[in-house]
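Read the structure below first, then the notes.
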Amino acid sequence: MKVNFRVNPRHLTVDLFMVVFSFFAALFLRVNFVEAKTFLPAMYTHLPLIVFCRLVFFVYFGTSNILWRYVAAVDAFRLAKSVAASTVMIIALSYLLNLGVIPRSIYFIDSFLLIFILASARVARRLVHEQSTSMELKKFGERTLIYGAGATGQGVLKRLLNDGELKLYVVGFVDDDVKKIGKEISGFKVFPGMEHLKDLIAGLQVKKVVVGLPNPSQEFLKQLVATCTPFDIKPLILNSSDGTEIGQTFRKIELKDLLVRPPHKIDLTSTQQMISGKRVLITGAGGSIGSELSRQVLGFNPSRLILLDHSEFNLYTIDSEFRDAPNYNEVVVPCLLDLKDLEGLSQVFSQYSPEIVIHAAAYKHVHLVETNPHSSILNNILGTKNVLQLSENGGVSHFVLISSDKAVNPAGVMGATKRVCEIMTCLAGERTERIFCAVRFGNVLGSSGSLIPILKKQIEENKPLTLTHPDMERYFMLIEEAVSLVLKAASISKPGDINVLKMGKPAKIVDVASSLVNLMGKKETDVQFNFIGLRPGEKMFEELYISGNELETEHPDILYVPKGDEYPTGFTAESFAQQIQQMIEASRAGEKESLYILSRIVNSNYEHPTYQGELKKLKIVSPSKLPS
């Protein structure tokens, strides 16, 4: 037990007065008034010993440091221990010191009486505090319902009752358990659940709803948000992450709560062993994925972290973020460089000799890639080719390609280039027998240029929401979790593997938009949805697997395909290398032949719509009709 000898003088003084009162009260409870007079001299003799022993153990057990207005059962147990221990010491010393004769039962009567008095005083102070807080909240606080009458909900109630600064006045509980409905908890009635919530909000004039459930499901939260939105109520949940709204205990429901399944715990021991003390190069380090990779890698104490990006602003942003790191000057190296510049990239490898390369740089926005295919091929494929070549020759032990679900049966240039990069990485892993691998996953919340910020802006400006199709689905994952899984996958991968992150269930884009509308305090009926149809390169449903032969790893959210996914029919490494070089040369010349070569490599029925003079539709042709 850790002993805290700091004391609250005011509390300790009051406690000692109660010690004196209890000691003499015990005498009058034991004998009548006439008999008591005969014992008073011995009582006075015992009094200094009583006060001293109680004082010693009150300080030892820290009973004076208990905040009376927040007293709980655990504090009563601490009081009982201090009284019991001091009583044993009093009895022993009174006999050793021969302080006079008093009824022996007084020691025990005094003990029980003192525990009762000490505890009652504290409970009374708590009741006064709660009553005064309740009256203030009733007058000035917002009327609040707690959804969930279990242990978590009762914990929420205690927090709201004890913290007047939250200004939330509890009017009752809501619960779906029929056994609890109609009962009372701490004087607050339990009302029926979701089906009656609208009537309760209206009837009780509720202004806030706090979720008192430990792990509320996505469907529950969606339904709760939809129910509360017409009343301009934004439900609060327990803050177990990094939110800071409404103090630090509760936060508003966010889109990630409605889309992303709860993450599994990730054992990063192997990641720590892989990165600690190593020289790490991250390409695209200023992007959404790259910047989070940089943050997490820096936390694993690499000996050198080379941040490479061709965007000056992105590189400046992530570099500025790290400038306050204690080891910045010795560890962090910002490199402003284009991956297509093989000579400049070679100088970086020669100067810093990276041992781990995480390749996140790529053009990823489907629409822009479709309208700029040649520059995208050069950036994504030539850039990856250069990084792979230098990684092979430079003895890099781990090479990790950040891939995409769009690489599976690609419908456009972006997905097709990513699939080519996967194949190049897998072949490099087989050649070198080093950990050259790819990690494939879907959309991450919070990435730059993603759908969510666009929809938010349209909602704020009261504009129609621009969506592609009511049935379109996408996978979503938190960017922090995705990056942690990428690093974990890299640490357990084998040469040439493609690792696939489990993304949970895909979500309909229209449902995402509806949830976002509700979260922003608007009704779906007030917002117009404008469906414009699939754009070039887009798919109705994204996929994560090609062959379906994925195997499980030690982590439940990471699957892997040994030696890469299925290659096209008749595939050979030699012809693949030749086609890559031909495609790069054609792209440099701006020739559409590069797109036909890309289509043949990934075995896709894709023909770029730019050359048909139409950007609204994607023309699919048979591979047999493509130029050989």
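Helix 105-140 sits at what angle to the longest principal axis of the chain, using alpha carbons and giving 0 to 90 degrees rounded to 10?
Once rounded, the angle reads 50 degrees.
Can you compute the charge dipole magnitude of segment 360-497 about its Cα centre, using +1 on each Lys and Arg Cβ and -1 on each Asp and Glu Cβ, nothing else charged? Give it in debye, rounded to the nearest 20.
Details: 14 positive and 13 negative charges, 33 e Å.
For this selection, approximately 160 debye.
Which of the peptides 51-61, 344-354 is most tightly packed, and how do the rest follow, going by the mean number of other Cβ atoms within 10 Å of each residue?
Details: 51-61: 18.7, 344-354: 16.6.
Result, highest mean first: 51-61, 344-354.
Tell me the per residue accessible area of the chain using a 1.4 Å probe; a whole number in Å² is fine. Don't skip to the end; give the middle numbers.
On the way: 29740 Å² over 628 residues.
Ligands and nucleic acids excluded, the figure is 47 Å² per residue.
Rounded to the nearest 500, what is the chain's calculated 222 nm mean residue ellipticity when only DSSP H runs of at least 4 contribute -39500 (n - 2.57) each, over all residues?
Working: 22 runs with 294 residues, N = 628.
Rounded to the nearest 500, the figure is -15000 deg cm²/dmol.
Determine, for each peptide in 431-442, 591-602, the mean count of other beta carbons within 10 angstrom over its residues, then list the peptides with the highest first. Please list the in-between numbers first.
Details: 431-442: 22.7, 591-602: 19.9.
Ranked from most to least packed, the peptides come out as 431-442, 591-602.
Could you point to the residue in Val400, Leu221, Val14 farthest towards the positive end of the chain's charge dipole, with +1 and -1 charges on the Cβ of Lys/Arg and Asp/Glu respectively?
Val14
So how strong a dipole does segment 1-152 carry about its Cα centre when Lys and Arg Cβ are +1 and Asp and Glu Cβ are -1, to the nearest 20 debye?
Values: 16 positive and 7 negative charges, 54 e Å.
For segment 1-152, the charge dipole is close to 260 debye.
Which of the pairs Lys222/Lys406; Lys340/Lys508; Lys183/Lys265; Lys256/Lys592; Lys340/Lys592 have their Cα atoms more than 31 Å apart in this structure?
Values: Lys222/Lys406 28 Å; Lys340/Lys508 37 Å; Lys183/Lys265 37 Å; Lys256/Lys592 41 Å; Lys340/Lys592 20 Å.
Check vs 31 Å cut-off fails for Lys340/Lys508; Lys183/Lys265; Lys256/Lys592.
Rounded to the nearest 0.05, what FRET efficiency do Asn462 and Glu433 have when you use their Cβ-Cβ distance and R0 = 60 Å?
Numbers: r = 59 Å, r/R0 = 0.98.
With R0 = 60 Å, the Cβ-Cβ based efficiency is 0.55.
In the chain, carbon and sulfur make up what percent of the accessible area (probe 1.4 Å)? Could you put the intermediate results ahead of the total?
Working: 16240 of 29740 Å².
Answer for the chain: carbon and sulfur cover 55 percent of the accessible area.
Once the dipole of the chain is set up with Lys and Arg at +1 and Asp and Glu at -1 on Cβ about the Cα centre, which of Pro334, Gly182, Asn379 lies farthest towards its positive end?
Gly182
Rg and Dmax of segment 1-128 over Cα atoms: what are they, in angstrom?
14.8, 47
Which order do peptides 302-308, 35-41, 175-181, 284-290 fall in by mean Cβ count within 10 Å, highest first?
284-290, 302-308, 175-181, 35-41
How far is helix 509-519 tilted off the main Cα axis of the chain, in degrees rounded to 10, range 0 to 90?
30 degrees
Could you tell me how far the Cα centroid of segment 66-144 sits from the Cα centroid of segment 194-216, in Å?
About 38 Å separates the Cα centre of segment 194-216 from the one of segment 66-144.
Distance between the C-alpha centers of segment 277-329 and segment 391-419? Whole Å please.
With segment 277-329 and segment 391-419 each reduced to a Cα centre, they are spaced 21 Å.
How much length is gained on full extension from Asn372 to Asn215, taking 0.36 nm per residue of separation minus their Cα-Cα distance?
Values: separation 157, 0.36 × 157 = 56.52 nm, distance 4.50 nm.
Difference between extended and current length: 52.0 nm.
Around Ser291, with a cut-off of 12 angstrom between Cβ atoms, what is the net charge of the other residues, counting Lys and Arg +1 and Asp and Glu -1?
Numbers: positive: Arg295; negative: Glu292, Asp309, Asp319, Glu321, Glu480.
Here the count lands on -4.
Write down the percent of antiparallel bridges among all DSSP beta bridges whose residues are both part of the chain, to the nearest 5. Mind showing how you got there, number by number?
Working: 14 of 60 bridges.
Here the antiparallel bridges make up roughly 25 percent for the chain.
Treat segment 174-325 as a sphere of radius equal to its Kirkwood radius over Cα pairs and apply Stokes-Einstein at 10 °C in a medium of 1.306 mPa s; give the translational diffusion coefficient in µm²/s, rounded to a whole number. Let's see the in-between values first.
Working: Rh = 19.4 Å.
The calculation lands on 82 µm²/s.
Please state the charge dipole magnitude for segment 276-381, taken about the Cα centre, from unit charges on C-beta atoms (+1 on K and R, -1 on D and E), reported in debye and rounded to the nearest 20.
On the way: 7 positive and 12 negative charges, 54 e Å.
Roughly 260 debye, rounded to the nearest 20.
With everything on Cα atoms, drop me the angle between helix 312-322 and the longest principal axis of the chain, reported from 0 to 90° to the nearest 10.
30 degrees
Would you report the distance distribution of C-alpha pairs in the chain as whole percents per 10 angstrom bin, up to the bin with the largest distance?
For the chain, the pair-distance distribution reads 3, 13, 18, 17, 14, 12, 9, 6, 4, 2, 1, 0, 0.
The values are calculated or read from the model by the stated rules, or taken from the named source; none is laboratory data. Keep in mind the model is a prediction, meaning the values are calculated, not measured. Glycine gets a Cβ as well: all are built from the backbone with ideal geometry, and neighbour counts include every protein chain shown. Surface areas here come from the heavy atoms of the whole protein model, side chains and all, with no ligands, DNA or RNA. Shrake-Rupley method; radii C 1.70, N 1.55, O 1.52, S 1.80 Å.
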